[in-house]
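Notes follow once the structure below has been shown.
The values are calculated or read from the model by the stated rules, or taken from the named source; none is laboratory data. The structure displayed is predicted, hence computed values, not measured ones. All Cβ positions, glycine included, derive from the backbone under ideal geometry; neighbour counts span all protein chains shown. Heads up: the accessible areas ignore ligands, DNA and RNA and are worked out on the full protein's heavy atoms, side chains in. Shrake-Rupley method; radii C 1.70, N 1.55, O 1.52, S 1.80 Å.
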Amino acid sequence: MASTYALLVGLGGCLLAGFLNAVFFRPKRIVRETAADGEGRRKAMDAIEAEIGPLGDPSELPTAVQEELRTLGLYDDLLAQHRRRSTEAEERS
């Protein structure tokens with residue numbers, strides 16, 4: 001019987017400690033999510049291409065990967081990036 005009461009007192013102590021920590025120690029950071037705009041994605045893709053090279057044509061990817069990219073909203077951005085790189089390469093030639 002004593003071990004049962006010890007377990008209940010321990011659980012109550014844990015709950016009390018969690019509550020007091022939540023009250024006295026507020027978070028130091030506030031995270032805010034913002035929608036990514038096309039310019040931010042273009043800059044990110046430019047940085048990736050600078051590091052690893054051209055990303056390639058997304059229409060050459062398997063169908064399942066294309067569907068996943070469409071679901072994430074990245075397919076059109078990747079296609080625009082590929083077309084932009086292709087026209088830049090043609091202009092240099």
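One residue alone among Ala50, Ala6, Ala35, Ala2 is aliphatic (A, V, I, L, M) and at pLDDT 90 or above, and that residue is Ala6.
Selection within the range 77-86: residues that are out of contact with any Pro (no Cβ under 7 Å at 6 or more places or on another chain) and either within 18 Å of Asp37 (Cα to Cα) or not in a helix (DSSP H, G or I) (or both). The member of this set that is least open to solvent (accessible area, probe 1.4 Å) is Gln81.
Between Leu74, Leu7, Leu16, which is open to solvent by less than 90 Å² (accessible area, probe 1.4 Å) and out of contact with any His (no Cβ under 7 Å at 6 or more places or on another chain)?
Leu74
Scoring Glu33 on the criteria (1) in contact with a Lys or Arg (Cβ under 6 Å, 6 or more places away or on another chain); (2) open to solvent by 100 Å² or more (accessible area, probe 1.4 Å) leaves a single failure, condition (1).
Every listed requirement among (1) more than 22 Å from the chain's Cα centre (by Cα); (2) outside any helix (DSSP H, G or I); (3) surrounded by 10 or more Cβ atoms within 10 Å (Cβ to Cβ) is met by Ala89 save one, (2). Looking only at residues in the range 51-71 that are free of Cβ contacts under 8 Å to residues at least 24 places away in the same chain and outside any helix (DSSP H, G or I), the one that is least open to solvent (accessible area, probe 1.4 Å) is Gly53.
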